[in-house]
Structure formats: structure tokens, C-alpha cells
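Below: the structure, in C-alpha cells.
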Amino acid sequence: MGSAGRGDGEWARHWRHAQLPGLDLLRAHYVRHTFPRHAHDGYVIAAVTGGMEEVGLPGGTDRAGPGSVVLINPEVPHTARAGAPEGWAYATLYPDRDLVADVAAEIATLRGTPGFAATTVPDPEGARLISEVHAAAEAGNALAADTLLRLAVAR
């Protein structure tokens, strides 16, 4: 479990719940912090809960505000930074490929590697689900967190 706070109002908590294999969680508020170009082995499913995030992608820059969900497929290079003076806050799920494939197999007959068709979508309900996964995991309720996670991934 990692947590960092700074005097400028920035903070981050990145962790794993022992009963939720294949999932990393991050909740954070960033003002000046930027993420240089990088990629993840698994998926990124992030609910912007405050401010504005700018996500730099191979095809351009997306802006995501509260109620938006940012979806990034594995191995897609991207950057992230504040898109407003107050920065941005978000709750992020990092499910691994196997977890997403399991959910996809449960809900669809399609074969192959599942992937997101869009990067940033306005989806207040999806954003709420992502935040609820975090709340359940933080409360130690792994069953609820897993159920909500599967609903969020399926969505």
C-alpha cells in the first residue's frame, strides 16, 4: 500500500487488495504532477471525480472532467496532466488482461482480446461504479468490490 501527500494539496494512494487478484487501485489528486509518456501492461479505467485531466494519446489530447471515464487499452502510450489550475482528482482501476478477459467471456460470445473503442466517455453512472469499487475495497468488503468491479468492466 502506498500513499503520498504533498504540501501543495496533491496526494495519491496506490494499493492492492489481497482478495482482489489482478487489480491495482489508485485514488489521487494532482495539481502540478504530470505523467510522462508511458504504457501499462493491463487496462486503465479511471473516473475523474474533480477538476480536469488532459490525457495525451497517439491521436491527440482528450480532456476529461467530473463524471467522465477514461479508458486506456494495454500497451497504449499516453501522458496525463492537469487540464485546469485546480488539477484533477480521480479513482482508477488497473485490471490485468486476464481479469478483463474473464469478464468479457462472461458477457459476450466474441473471441479475441477485448478492448475499449473510446478513450474518454461522459458516463456519470460508470464513474460512480468505479468510485464504489474503491469504497468497498477500502471498507474491506472484497465481495462487493469484486461485484462492482465486474459491473464497471462490463459497462
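The values are calculated or read from the model by the stated rules, or taken from the named source; none is laboratory data. As the structure is a prediction and not an experimental result, all values here were calculated from the model. Heads up, the Cβs are rebuilt from the backbone with ideal geometry, glycines too, and the neighbour counts pull from every protein chain shown. Side chains are part of the model used for accessible areas, which takes the heavy atoms of the whole protein and leaves out ligands, DNA and RNA. Shrake-Rupley method; radii C 1.70, N 1.55, O 1.52, S 1.80 Å.
Note: the range 1-79, Cα convex hull, 100 Å³ per residue.
Apply the a/c threshold of 1.5 to the C-alpha gyration tensor of the range 114-155 and tell me whether it is rounded, prolate or oblate.
Values: a/c = 3.11, a/b = 1.85, b/c = 1.67.
Here the range 114-155 falls in the prolate category.
Ignoring any ligand, DNA or RNA, what whole percent of the accessible area of the chain comes from carbon and sulfur when the probe is 1.4 angstrom?
54 percent
Our coupling estimate for the range 79-95, obtained by passing each phi through the Karplus curve with A = 6.51, B = -1.76, C = 1.60 and θ = phi - 60°, is 10, 8, 7, 5, x, 8, x, 7, x, 8, 10, 7, 10, 10, 10, 10, x Hz, Gly and Pro reported as x.
Roughly how many Å² is the accessible area per residue of the range 1-84, as a whole number, for a 1.4 Å probe?
On the way: 4080 Å² over 84 residues.
Value for the range 1-84: 49 Å² per residue.
If you average over every viewing direction, what projected area does the convex hull of the Cα atoms of the range 43-155 give, in nm²? The partial results should precede the final answer.
Working: hull surface 28.5 nm².
About 7.1 nm², averaged over all directions.
Under 5 Å between amide hydrogens, built in the peptide plane, is the criterion, and for Ala84 it picks out Met52 among residues at least 5 positions away or on other chains. Towards the positive end of the charge dipole of the range 80-130, with charges on Cβ (+1 Lys, Arg; -1 Asp, Glu), say which of Thr119, Ile130, Leu99 has the farthest Cα. Comparing the listed Cα positions along the dipole, Thr119 ranks first. The overall shape of the range 38-97 is oblate: from the C-alpha gyration tensor, with semi-axes ordered a ≥ b ≥ c, the ratio a/c is 1.5 or greater and a/b is no larger than b/c.
In percent, how large is the relative contact order of the chain, given Cα pairs closer than 8 Å and 6 or more residues apart? Walk me through the numbers before you get to the answer.
Working: 342 pairs, mean separation 36.9, N = 155.
Relative CO of the chain lands at 24 percent.
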